[in-house]
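Structure record follows, encoded as structure tokens.
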Amino acid sequence: MANDVVWDALADPTRRRIVELLVGRPMRAGAVADSFPVAAPTISRHLRVLRQAGLIEEVRVDDDARVKVYRLRQQPFGDLGAWLDQVQAFWQDRLDAFSEAVDDSETGEVGRIEQ
């Protein structure tokens, strides 16, 4: 299951928007900040939270070690997707069982929903 630090990081709408921006391509911190109507230090704090949660990584540009580029890390999003797939499968099984029970009740066959 995805850990709470990841969920906490993604709970903030600004951080989710940063993730959406980084889906398109890696970006410099300044370019990320330019996409929001808040001060750059605020975005810097959001980037730090995402980085500490392991959702993004900071890489240095070979030409200029002062330049930081942020990009998404695949692994935590794969973990989130796997967890969501498990939850979805559980609810799909429950809905299928409910549908079967409704069908049985309509045909006069009374069964019970498995738990």
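Structure summary
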item	result
Some residue of the range 30-44 being more than 20 Å from ASP79 (Cβ to Cβ), touching a Leu at 6+ places or on another chain (Cβ under 7 Å) and not polar (S, T, N, Q)	yes
Qualifying residue in the range 10-21 (condition: free of Cβ contacts under 8 Å to residues at least 12 places away in the same chain, closer than 21 Å to LYS68 by Cβ and over 13 Å from the mean Cα position of the chain (by Cα))	no
Residues that are open to solvent by 40 Å² or more (accessible area, probe 1.4 Å), within 18 Å of ALA82 (Cβ to Cβ) and among the aliphatic types (A, V, I, L, M), drawn from the range 1-27	MET1, VAL5
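The values are calculated or read from the model by the stated rules, or taken from the named source; none is laboratory data. As the structure is a computational prediction, the values presented were derived from the model and not from experiment. Cβ coordinates were reconstructed from backbone atoms using ideal geometry, including for glycine residues, and neighbour counts include every protein chain displayed. For accessibility, only protein heavy atoms count, side chains too; no ligands or nucleic acids. Shrake-Rupley method; radii C 1.70, N 1.55, O 1.52, S 1.80 Å.
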